[in-house]
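Structure first, commentary second.
The values are calculated or read from the model by the stated rules, or taken from the named source; none is laboratory data. Source: prediction; values computed, not measured. We place every Cβ from the backbone using ideal geometry, glycine too, and count neighbours over all the protein chains shown. When the accessible area is computed, the model is the full protein with side chains, heavy atoms only, and any ligands, DNA or RNA have been set aside. Shrake-Rupley method; radii C 1.70, N 1.55, O 1.52, S 1.80 Å.
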Amino acid sequence: MRTTFVASEVGNGLRRNLTMTLAVVITVGVSLALFGVSLLVRAQVDTMKDFWYDKVEVSLFLCNENSDTPSCSNGAVTDAQREQIRADLESLRPLVQDIFFESQEEAYARFVEQYANSPIVDNVTPDALPESFRVSLSDPTQYDIVASAFVGRPGVEQVNDQRAFLDRFFQLLGGLQVIALVIAMAMLVVTVLLIVNTMRVAAFSRRRETGIMRLVGASNFYIQLPFLLEAAIAAAVGAVIATGGLILVKVLVIDNVLAPAFQFTAFIGWDSVTAVVPILFIVGIGLSSLAAFFTLRKYLRV
């Protein structure tokens, strides 16, 4: 009988405050969807880091006739310098995994391929491009070991680390994640305020029923339970809406737009989405229930 009574009270409460309940559901859905998107952005950044950092290369550009750095004051790299650089790279194994030497002709061919539709190709000759060693590291964070061994060395014009560029790119993505998270947190605050107001209205409109329940000896928890369930149900429906939004983002945006357009990188899978969904339900229901609980402690005094 108690379960039936509580269920009927929850149904009556949802019907009485239908407009405000819909407002809570929509607000919870939007705020949780934004929160879920921020979590997916973080997962995407981690996925791209794992994908790209494994492919990071350190490039050692060798001196040519046009080099003007102090390490190239004696002109183009000599055969002896080139072989010594290769030998020193070999000595850094297992940190150095793979070593690929690119001649001026190979560099020019790659340049022409990259800028095939640009008029700049007509103004560049193979002699203008430097020879280089491209080095893959087992641990890209140990770039400084390679840099300290070759920066400023005779025959080496410049040492470039692709990881430096990737770090700036991931910092940009991290900034976007922070923005999305801040917006989501602001929406969650709005949701809490809306739930507080909804519980206040519900407690006021049902003050006679709660007074009678108090007089017949009902406990505080038993009186508050229908209100808490109303907030939890509204939050759960909002979490379902947010889950649907994340599924649409994965299918329509990631799988159908981003993944085909940017095939050179990795994108999150469904495992990332399924990992976020329980968080949405926990945060939504937990936050709504806590907001309702602390509000009812004040406004359900008879």
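For residue 4, state whether it is assigned to a helix (DSSP H, G or I), surrounded by 15 or more Cβ atoms within 10 Å (Cβ to Cβ), at pLDDT below 80 and hydroxyl-bearing (Ser, Thr, Tyr). So residue 4 fails the test. Any residue that is crowded, with 19+ Cβ neighbours inside 10 Å and touching an Asp or Glu at 6+ places or on another chain (Cβ under 8 Å) - is there at least one of those in region 78-100? Within region 78-100, one or more residues are crowded, with 19+ Cβ neighbours inside 10 Å and touching an Asp or Glu at 6+ places or on another chain (Cβ under 8 Å).
Could you tell me which residue of region 233-268 is modelled with the lowest pLDDT, considering only residues that are outside any helix (DSSP H, G or I) and open to solvent by 30 Å² or more (accessible area, probe 1.4 Å)? Break it down into steps so the answer makes sense when it comes.
Just the residues of region 233-268 that are outside any helix (DSSP H, G or I), to begin with: 262-268.
Now drop any that are not open to solvent by 30 Å² or more (accessible area, probe 1.4 Å), which leaves 262-264, 267.
Values: 262: 77, 263: 73, 264: 69, 267: 84.
That would be 264.
One residue alone among 129, 176, 137, 92 is within 30 Å of residue 38 (Cα to Cα), of a type in the set (A, V, I, L, M) and touching a residue at least 24 places away in the same chain (Cβ under 8 Å), and that residue is 176.
Here's a check for you: in region 147-161, which residue that is open to solvent by less than 60 Å² (accessible area, probe 1.4 Å) and modelled with pLDDT of 80 or more is farthest from residue 131 (Cα to Cα)?
Selected residue: 149.
For residue 203, the conditions (1) surrounded by fewer than 13 Cβ atoms within 10 Å (Cβ to Cβ); (2) at pLDDT below 75 all hold with the exception of (1).
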